[in-house]
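We did not get these values from a lab; they are worked out from the coordinates using the rules stated. Predicted model only: the values in this text are computed from it and were never measured. Using ideal geometry, Cβ is built from the backbone for each residue, glycine included, and neighbour counts are taken over all protein chains shown.
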Amino acid sequence: MKQHILHTARPIIAGKGFAAVGLNEILSAASIPKGSFYYYFKSKDQFGEALLDSYFTEYVAKMDSILFHQQGSAANRLMNYWIAWEETQNTQDAEYMCLAVKLGGEVCDLSEAMREVLRKGTIQIIHRLSDCIEEGLSDGSIPAQLNARQTGAQLYALWVGASLLEKIHRDGHLFEIALATTRQILHLSV
C-alpha cells in the first residue's frame, strides 16, 4: 500500500510540484482513505521524504543498469546515460520528470528533511557518474586528464541546469548544448 501511494503520487507531484498538490488529490488518485495515508506517513513532509527516497532508489538502479551493466566502453555508457536523460527530460510527461529538478528549488526552503534526502540522492548520482568517468579514464575511452569526482559534479550540474532552462524554453536546444559540452569536457569526438 505504501508503494502504491508513492507510485500513484509521483507523476502528480512531478507535474504540479509538491506544494500545489493537496492531500485529497493524492488520496483520490490512490483510491485510499485518509487514515491509510496517515498509517504510513505522519505528515505530508514525511510523505515527501519517502517519495524522494523511493525516487532516488529507483533512479540509481536505472542509472546503474546504463552505466555499469551495459556493453561497451565507459565513455559510450556515459553518453548513453546523457542521451537517455535528454529523451526522458525533453518531454512534458510527468511520469519521466526528474524529481530532483522539479522539487529541488521548491522543497529545500520548505523542509530540511526533504532537502537532506535530495542532497543524499544527488550525491549518489554524482558518485556513480564519477565512477563511470574513472572507469573511462582507466580503460582509455575518455582520453583526458580529468578529476573524475569534479567532472562528475560538473556534468551533473550542467544537465540539471539544462533541464531547468529547458522547462522554460521547451525547444530541446539546451539539451543539444549540454550534450556537445559534455563531449567537449570529456574530450570525446562527435
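What number does region 30-126 give for Rg over Rh if you use C-alpha atoms and the Kirkwood radius?
1.05
State the extension gain, in nm to one decimal, for the chain segment bounded by Gln71 and Leu164, taking 0.36 nm per residue of separation less the distance between their alpha-carbons.
Gain in length upon complete extension: 30.4 nm.
If you rank Leu67, Leu164 by fewest surrounding Cβ atoms within 10 Å, what's the result?
By the 10 Å Cβ count, ascending, the order reads Leu164, Leu67.
Using alpha carbons only, how many degrees (0 to 90, rounded to 10) separate the axis of helix 74-89 from the longest principal axis of the chain?
With both axes taken from Cα atoms, the answer is about 40 degrees.
Holding the Cα-Cα limit at 24 Å, pick out from Lys2/Lys120; Lys34/Lys167; Lys2/Lys34; Lys42/Lys120; Lys2/Lys102; Lys44/Lys120 the pairs that are longer than that.
Beyond 24 Å between Cα atoms: Lys34/Lys167.
Please compute the modelled spin-label separation between Ala20 and His4, points set 7 Å along Cα→Cβ, answer in nm with one decimal.
Reported label-point gap for His4 and Ala20 is 2.8 nm.
Simple spin-label model, 7 Å along Cα-to-Cβ: Ser28 to Lys120 in nm?
Between Ser28 and Lys120, the label points sit 3.3 nm apart.
Take the Cβ-Cβ distance between Tyr40 and Asp139 as r, set R0 to 35 Å, and report the resulting FRET efficiency rounded to the nearest 0.05.
The computed FRET efficiency comes out at 0.20.
Return the loop-located trypsin sites (Lys or Arg not before Pro) in region 97-127 (DSSP other than H, G, I, E, B) with at most 16 other Cβ atoms within 10 Å of their own Cβ; answer none if there are none.
In loop regions of region 97-127 (DSSP not H, G, I, E or B), there are no sparsely surrounded trypsin sites (Lys or Arg not before Pro).
Any idea what the relative contact order of the chain is, in percent, if you count C-alpha pairs under 8 Å spaced at least 6 apart?
Normalised by residue count, the contact order of the chain is 21 percent.
Round to the nearest 0.05 the FRET efficiency obtained for Glu112 and Ser189 when R0 = 41 Å and r is the Cβ-Cβ distance.
That pair, Glu112 with Ser189, gives E of 0.35.
Which whole number in µm²/s is D for the chain by Stokes-Einstein, with the Kirkwood Rh taken over Cα pairs at 20 °C and 1.002 mPa s?
Taking Rh from Cα pairs, D becomes 122 µm²/s.
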